[in-house]
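Everything on this sheet refers to the single structure shown next.
The values are calculated or read from the model by the stated rules, or taken from the named source; none is laboratory data. Being a predicted model, the structure only gives us computed values, none of them experimental. All Cβ positions, glycine included, derive from the backbone under ideal geometry; neighbour counts span all protein chains shown. Side chains are part of the model used for accessible areas, which takes the heavy atoms of the whole protein and leaves out ligands, DNA and RNA. Shrake-Rupley method; radii C 1.70, N 1.55, O 1.52, S 1.80 Å.
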Amino acid sequence: MKKYKLLLFSNELSLAENAENFLCRGKDEVKKGEISYFCEFHSFFPSAKDTASFFASQNGGETLYVCPIVRSENFYDDILCALKILPFCENAFVFLSGNEKNLCKNAPEILSQTLFTSVLHTDFKHRGRKIKSRIFSLLDEENKSGFQNFYLNSILGFSKGTGRALYEKNPCLMPLAPYLIASDKANIEILSSAAGVDLLDNIKILKELCVALELLKSGGSEKRYVLSEVDAKTEAFARRICENVLE
């Protein structure tokens with residue numbers, strides 16, 4: 001039996017809880033053939049440190065899927081949160097919910113192509129059997145989200161080398177790259193404590209961090225530039241998605 005853990009994230013905890021009830025109907029596990037899944041619901045975490053801490057602590061016997069919920073009526077804020085949590089997990093799919101009147105034609109397909117990640121359109125009220133069938137299909141196919149690779153190459157930018165080294169250590173650590181570069185010794189220790197691993201106790205990470213810091217120094221840029229660049233790229237990407245998906 002292959003077991004999967006679906007981590008439902010929403011800006012409103014009650015919505016994530018409602019999604020869990022809709023997908024599990026009070027059952028501890030939902031099974032089909034040799035596949036089963038169960039759900040946990042969460043609010044988006046307030047910081048990358050908290051997110052990394054959460055994912056680094058997930059070491060159960062099941063495969064994790066991060067499943068952000070994006071509402072059409074709160075699309076920008078929700079998609080921005082989704083963009084900040086998708087890089088922490090290799091496996092993911094997105095729930096698109098809300099009023100179809102706000103969405104353009106073929107919105108789920110457009111969003112899926114943009115995020116390199118499967119998108120399921122549902123109101124968490126109707127057609128539960130169809131949604132569950134689609135979930136089982138995704139789990140059976142074991143298709144990984146392509147967003148981590150996109151994030152590494154298109155969003156991290158200057159931090160890409162450090163991000164790749166962190167990814168090799170643990171995929172959920174990759175998004176910490178700009179924070180690592182922008183931190184002083186005390187904050188690096190805080191990040192390491194949150195992740196449960198010494199982030200600098202790895203020759204590849206240390207080497208890439210030194211390269212990044214030297215490039216910053218030679219360019220006369222401040223450390224905070226790295227973090228602000230990633231934030232700006234993420235926000236610009238969220239706005240571009242809105243233009244493509246919303247009416």
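Out of curiosity, is E40 free of Cβ contacts under 8 Å to residues at least 40 places away in the same chain, over 13 Å from the mean Cα position of the chain (by Cα), over 19 Å from R129 (Cα atoms) and open to solvent by 20 Å² or more (accessible area, probe 1.4 Å)? Lay out the reasoning, then the answer.
On the way: free of Cβ contacts under 8 Å to residues at least 40 places away in the same chain: yes; over 13 Å from the mean Cα position of the chain (by Cα): yes; over 19 Å from R129 (Cα atoms): yes; open to solvent by 20 Å² or more (accessible area, probe 1.4 Å): yes.
Judged against the criteria, E40 is a match.
Restricting the first residue to segment 219-247 and requiring it to be among the acidic types (D, E), which pairs with a second residue that is open to solvent by 70 Å² or more (accessible area, probe 1.4 Å) and assigned to a helix (DSSP H, G or I) meet a Cβ separation below 8 Å and a spacing of at least six or different chains?
E247/K101
Determine which single condition I110 fails, assuming it passes every other condition in (1) touching a Cys at 6+ places or on another chain (Cβ under 8 Å); (2) more than 26 Å from E247 (Cα to Cα).
The number of the failed condition is (2).
Looking only at segment 91-121, which residues are within 13 Å of C67 (Cα to Cα) and of a type in the set (V, I, T)?
Across segment 91-121, the qualifying residues are V94, T117, V119.
So for segment 130-149 (the condition being within 21 Å of L180 (Cα to Cα) and surrounded by fewer than 20 Cβ atoms within 10 Å (Cβ to Cβ)), does at least one residue qualify?
Yes, that holds for at least one residue.
Given (1) surrounded by 18 or more Cβ atoms within 10 Å (Cβ to Cβ); (2) hydrophobic (A, V, I, L, M, F, W, C); (3) not in a loop (DSSP other than H, G, I, E, B), identify the lone condition not met by F45.
Result: F45 passes all but (3).
Looking at segment 204-218 only, could you name the residues that are among the acidic types (D, E), under 19 Å from I155 (Cα atoms) and without any contact (Cβ under 8 Å) to a residue 40 or more places away in the chain? Explain how you work it out, then say what you get.
So the first thing to find is which residues in segment 204-218 are among the acidic types (D, E), and the list is 208, 214.
Restricting the remaining residues to those that are under 19 Å from I155 (Cα atoms) gives 208.
If the condition is that a residue be among the acidic types (D, E), under 19 Å from I155 (Cα atoms) and without any contact (Cβ under 8 Å) to a residue 40 or more places away in the chain, then no residue fits.
Determine if segment 227-236 includes at least one residue that is farther than 26 Å from P68 by Cα, in a helix (DSSP H, G or I) and of a type in the set (D, E, K, R).
First pass over segment 227-236, keeping only residues farther than 26 Å from P68 by Cα: none.
Within segment 227-236, not a single residue is farther than 26 Å from P68 by Cα, in a helix (DSSP H, G or I) and of a type in the set (D, E, K, R).
In segment 19-37, how many are touching a residue at least 40 places away in the same chain (Cβ under 8 Å) and either in contact with a helix residue (DSSP H, G or I) (Cβ under 7 Å, 6 or more places away or on another chain) or open to solvent by less than 50 Å² (accessible area, probe 1.4 Å) (or both)?
7
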